[in-house]
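J.: Dumping the structure here so I can ask a few things about it.
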Amino acid sequence: MSQSEGNIESVLHEDRLFDPPASAGAPWHIGSLDEYKALYKKSIDDPESFWSNAAEEMHWFSHWRQVVSYEAPDAKWFVNGTTNLCYNCVDRHVENGFGDQVGIIWESEPIGDEGPEILRLTYADLQTEISKFANVLLDKGVRRGDVVTIYMGMIPELAIAVLACARIGAAHSVIFGGFSSQAIADRVEDANSKVIVTCDGSWRRGSVVPLKDNVDQALEILGEGKVRSVIVRQRCKNGIDWVDGRDTWWHDVMQEAEADCDCVPLDSEEMSFLLYTSGSTGKPKGIHHTIGGYMVYTATTSKYVFNLVPDADQVFWCTADVGWITGHSYILYGIMPNRVPTLMYEGAPNFPDADRFWDIVSRHRVTQFYTAPTAIRAFMKWGEEHPKKHDLSSLQVLGTVGEPINPEAWMWYHNVIGGGACPIVDTYWQTETGGHMITPLPGATSTKPGSCTLPFFGIDAAVVDADGNEVGANEGGLLVVRKPWPGMLRGVYGDRDRFIDTYWSTIKIDSKPVYTAGDGARRDKDGYFWIMGRIDDVINVSGHRLGTMEVESGLVAHESVVEAAVVGMPHEIKGTGIAAFCTLAPGYEANDDLRKKLREHISDQIGAIAKPDMIRFTDALPKTRSGKIMRRLLRSIAAGEVEVNQDTSTLEDFTVVAKLQGGDES
Ligand code: WT7
């Protein structure tokens, strides 16, 4: 089990129950625990009727013939139904007479004399812009089933590009703008993507991230001819290089594009997108999601978990980037079908000042606010005077996602941001699950700081031992899901074995494989889930998943490093920081200059989020007699604990431990 083993803090908070308020503006969809329990039981006993009711709230061009067909690990949902994600996010609202309602509110990072730039795009505006861009993609030769790579900043055109793909049945692969050219190259190659949509640059904390330069470098790595077209949206007017015949300006092609382009009726099981995420081994894997099931799952979780109600003056704001699953599901695909405006903010939480988020909440009267524990810890550090400057009384529901939230951060969020009056939904889920899996419902579930509480409807989550038997209250075990759900991944792109090995090989129940999330968990006496952390070599840095192997491969790719071991270490803001232990090639000196070079090197190889927080140089890594790196020992060393509890009897060389512990730090 990983670093958060034995979460004493959370045990102490177990009996602090926070009951939901009677209402928070709009009436609660689910108003009591009994109501939740009754519906949960129905959803587990008869998933078909629960999910077909949910799917009836969406538009289908042709009705499904079967709700689900399942032979583990392969599920099909809403079999033979045809639908379209873009239609359900946008066109349906126009058809129903809501064309002039606002679908997306966008705010720029830069603040001019008149304040930030704010755009309010109605469903009718979106329909026009998306249709035009869909025609641009078609004109560039994109066809149903092709993968379009999108590497942009948080601007409305990112949403337009994503939804334009959905409109014509192209799959998108959105790459977070913080990833490096090497990371882009890997993903473009794996997805065999021929068209890239990008920007000249994006704004981040007042500086320009050179997105187009990164794409150019990625295409250099890949070699000529791999990618046919690069469409560039101008944003920062930073100078960029241009390749004639390959590169096109967004504004040029959009000017000529027709505004008519029908949504294509697509099979429920066609691929909607790929999203790359880190695993415990090798390169990131492309998580494959579908259309019908993903749509129903994200829209239904959005509705209940955030209590979305159309025409109730709600403004939903998720602070994630669209480049992560949180942004896919809870900025766009799950929120928009609920006909509640979704807010997209371009930049950093502390630009120009540490109160930027609260300024946004108060000016736009945000009702649902969804962010990550790492951000909350940063806000705590910056001080409560920043939120206190603003009127946050519009807030109804607060959400968190990405990593376990420490009870101190939970309490701060509850009191300082929510004024003690807003339910907090601590949503546990993964890129692979498409949407929320274990989460409170704001009007129904009493919450406990640090617990993601109870499973969502239809989610048969359990904590089991290695034989698949449920463990007793407060015993640790593996988190599994025993029944299929509509939002589940359908595969790892191009790698069936990896799909099976990673998710379906650890636990079998009645000789059938069950989905294994890769997290350790326990349930308390009330059945509440407490996530205890990853059980594989994946670490969660600021709510973003990183494979330790990925960082290790990055380090040894540098000429100075012979061998590297990477582990997580406690970090005040990030939750988990990255500690790297490296042995050096002859002729290289262990010093701060080299540390700096290695950090930059990792930033180039993967992205800034993967930069080690601490690099230690050592003559040798501690290994067991069978040659396995003693990661547990390295974790203790990185955490600054004394080595008393460590079983070092199998260490090959005790002097190594001494050396490591005396090692210099950055
Ligand atoms: C991993 C998934 C889901 C979107 C963001 C991250 C951890 C996620 C929670 C939570 C405790 C959490 C798990 C999970 N995680 N949410 N509320 N409480 N842990 O997506 O990159 O796919 O990472 O994040 O370890 O497996 P991801």
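The values are calculated or read from the model by the stated rules, or taken from the named source; none is laboratory data. Nothing here was measured: the structure is a model prediction, and the numbers come from that model. All Cβ positions, glycine included, derive from the backbone under ideal geometry; neighbour counts span all protein chains shown.
J.: Which residue is farthest from the ligand (Cβ to nearest atom), if the candidates are limited to region 398-426 and must be surrounded by fewer than 24 Cβ atoms within 10 Å (Cβ to Cβ) and among the β-branched types (Val, Ile, Thr)?
T.: VAL416
J.: Please state which of the following conditions CYS582 fails to meet, knowing it meets all the rest: (1) surrounded by fewer than 18 Cβ atoms within 10 Å (Cβ to Cβ); (2) at pLDDT 90 or above.
T.: So CYS582 meets the others, but not (1).
J.: Now for a different question. Tally time: how many residues in region 349-390 are farther than 21 Å from PRO570 by Cβ and either aromatic (Phe, Trp, Tyr) or more than 19 Å from the chain's Cα centre (by Cα) (or both)?
T.: Final tally of qualifying residues: 28.
Here is a yes/no grid of residues against (1) near the ligand (Cβ under 10 Å from one of its atoms); (2) surrounded by 21 or more Cβ atoms within 10 Å (Cβ to Cβ):
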| position | (1), (2) |
| --- | --- |
| LEU546 | yes, yes |
| VAL556 | no, no |
| GLU559 | no, no |
| GLY568 | no, yes |
| LYS574 | no, yes |
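J.: Now for a separate question. Please go through region 495-519 and give me each residue that is in contact with a Ser or Thr (Cβ under 8 Å, 6 or more places away or on another chain), assigned to a strand (DSSP E or B) and either more than 9 Å from the ligand (Cβ to nearest atom) or assigned by TED's automatic domain parsing to the domain that holds LEU634 (or both), ordered by number.
T.: PRO513, THR516
J.: So, VAL102, is that one assigned by TED's automatic domain parsing to the domain that holds ILE500 and of a type in the set (A, V, I, L, M, F, W, C) or not?
T.: Details: assigned by TED's automatic domain parsing to the domain that holds ILE500: no; of a type in the set (A, V, I, L, M, F, W, C): yes.
So VAL102 fails the test.
J.: A further question follows. Can you tell me which of VAL215, VAL188, VAL136, VAL197 is buried (at least 23 other Cβ atoms within 10 Å of the Cβ) and within 17 Å of ILE287 (Cα to Cα)?
T.: VAL188
J.: Looking only at region 438-494, filter to residues that are part of a loop (DSSP other than H, G, I, E, B) and among the charged types (D, E, K, R); which one of those is nearest to the chain's Cα centre (by Cα)? Show your work before the answer.
T.: As a first pass, look at region 438-494 and keep what is part of a loop (DSSP other than H, G, I, E, B): 439-446, 448-452, 454, 456-460, 465-469, 471-476, 482-490, 493-494.
After this cut, where a residue has to be among the charged types (D, E, K, R) as well, the list is 448, 460, 465, 467, 475, 482-483, 490.
On the way: LYS448: 23, ASP460: 22, ASP465: 28, ASP467: 30, GLU475: 28, ARG482: 23, LYS483: 23, ARG490: 17 Å.
Taking the candidates together, the pick is ARG490.
J.: Need pairs with beta-carbon distance below 8 Å; first residue touching a residue at least 24 places away in the same chain (Cβ under 8 Å) and assigned by TED's automatic domain parsing to the domain that holds PRO484 and within region 289-302, second crowded, with 24+ Cβ neighbours inside 10 Å and β-branched (Val, Ile, Thr); sequence gap 6+ or separate chains.
T.: Between residues of region 289-302 that are touching a residue at least 24 places away in the same chain (Cβ under 8 Å) and assigned by TED's automatic domain parsing to the domain that holds PRO484 and residues that are crowded, with 24+ Cβ neighbours inside 10 Å and β-branched (Val, Ile, Thr), the close pairs are ILE291/THR83; GLY292/THR83; MET295/THR83; THR301/THR439; SER302/ILE335.
J.: With a cut-off of at least 1 residues that are of a type in the set (Phe, Trp, Tyr), name the strands (runs of 3 or more DSSP E) lying wholly within region 135-202. Steps first, answer last, please.
T.: Numbers: elements: 147-151, 171-174, 195-199.
Where strands (runs of 3 or more DSSP E) fall fully within region 135-202 and carry at least 1 residues being of a type in the set (Phe, Trp, Tyr), they are 147-151.
J.: If I ask for residues that are part of a helix (DSSP H, G or I) and either free of Cβ contacts under 8 Å to residues at least 24 places away in the same chain or closer than 16 Å to PRO352 by Cβ (or both), which ones from region 380-403 would you list? Talk me through it step by step, then tell me what you get.
T.: Residues of region 380-403 that are part of a helix (DSSP H, G or I), as a first pass: 380-382, 385-388.
Once the filter is applied, which keeps residues that are part of a helix (DSSP H, G or I) and either free of Cβ contacts under 8 Å to residues at least 24 places away in the same chain or closer than 16 Å to PRO352 by Cβ (or both), region 380-403 yields TRP382, GLU385, HIS386.
J.: Looking for something in contact with a helix residue (DSSP H, G or I) (Cβ under 9 Å, 6 or more places away or on another chain) and over 26 Å from ILE331 (Cα atoms) - is there at least one such residue anywhere in region 420-430?
T.: No: zero hits.
J.: Every residue in region 137-182 that is in contact with a helix residue (DSSP H, G or I) (Cβ under 6 Å, 6 or more places away or on another chain) and among the basic types (Lys, Arg), please.
T.: Matches in region 137-182: ARG167 only.
J.: If you don't mind, another one. Which of the residues that make up region 427-453 are within 15 Å of the ligand (Cβ to nearest atom), over 22 Å from VAL315 (Cα atoms) and of a type in the set (S, T, N, Q)?
T.: GLN430, THR431, THR433, THR445, THR447, SER451, THR453
J.: Just to be sure I understand the filter: pairs with C-beta atoms under 9 Å, separated by 6 or more residues or on different chains, first member in region 425-438 and within 11 Å of THR453 (Cβ to Cβ), second member charged (D, E, K, R) and part of a strand (DSSP E or B). Which pairs pass?
T.: Sorted first by the residue in region 425-438, then by its partner, the pairs are TYR428/ASP519; ILE438/ASP426.
J.: Select the strands (runs of 3 or more DSSP E) contained entirely in region 532-594, then report the ones holding at least 2 residues which are more than 28 Å from PRO404 (Cα to Cα). I'd like the intermediate steps shown before the answer.
T.: Working: elements: 538-541, 544-547, 561-571, 575-584.
Where strands (runs of 3 or more DSSP E) fall fully within region 532-594 and carry at least 2 residues being more than 28 Å from PRO404 (Cα to Cα), they are 561-571, 575-584.
J.: With the requirement that a residue be among the hydrophobic types (A, V, I, L, M, F, W, C) and touching a strand residue (DSSP E or B) at 6+ places or on another chain (Cβ under 7 Å), what does region 254-268 give you? Give the steps one after another, and end with the answer.
T.: Step one: of region 254-268, the residues among the hydrophobic types (A, V, I, L, M, F, W, C) are 254, 257, 259, 261, 263-264, 266.
Selection gives LEU266 alone.
J.: If you don't mind, there's one more thing I want to ask. I need the full set of residues from region 360-391 which are closer than 20 Å to ASP313 by Cβ and touching a strand residue (DSSP E or B) at 6+ places or on another chain (Cβ under 9 Å), in order please. It would help to see each step written out before you state the result.
T.: Let us first name the residues in region 360-391 that are closer than 20 Å to ASP313 by Cβ, namely 360-370, 390-391.
ILE360, VAL361, ARG363, HIS364, VAL366, THR367, GLN368, PHE369, TYR370 - these are the residues of region 360-391 that are closer than 20 Å to ASP313 by Cβ and touching a strand residue (DSSP E or B) at 6+ places or on another chain (Cβ under 9 Å).
J.: Exactly one condition in (1) away from the ligand (no atom under 13 Å from the Cβ); (2) modelled with pLDDT of 95 or more is false for PHE456; which is it?
T.: Failed condition: (1).
J.: Right, something else. From VAL366, VAL315, grab the single residue that is more than 12 Å from the ligand (Cβ to nearest atom), surrounded by fewer than 21 Cβ atoms within 10 Å (Cβ to Cβ), hydrophobic (A, V, I, L, M, F, W, C) and within 30 Å of GLY293 (Cα to Cα). Working first, answer last.
T.: Details: VAL366 fails: surrounded by fewer than 21 Cβ atoms within 10 Å (Cβ to Cβ).
One residue alone meets the criteria, VAL315.
J.: A follow-up question, please. Inspect region 533-541 for any residue being away from the ligand (no atom under 14 Å from the Cβ) and more than 16 Å from THR433 (Cβ to Cβ) and give the result as yes or no. Walk me through it before giving the result.
T.: Filtering region 533-541 down to residues away from the ligand (no atom under 14 Å from the Cβ) leaves none.
There is no residue in region 533-541 that is away from the ligand (no atom under 14 Å from the Cβ) and more than 16 Å from THR433 (Cβ to Cβ).
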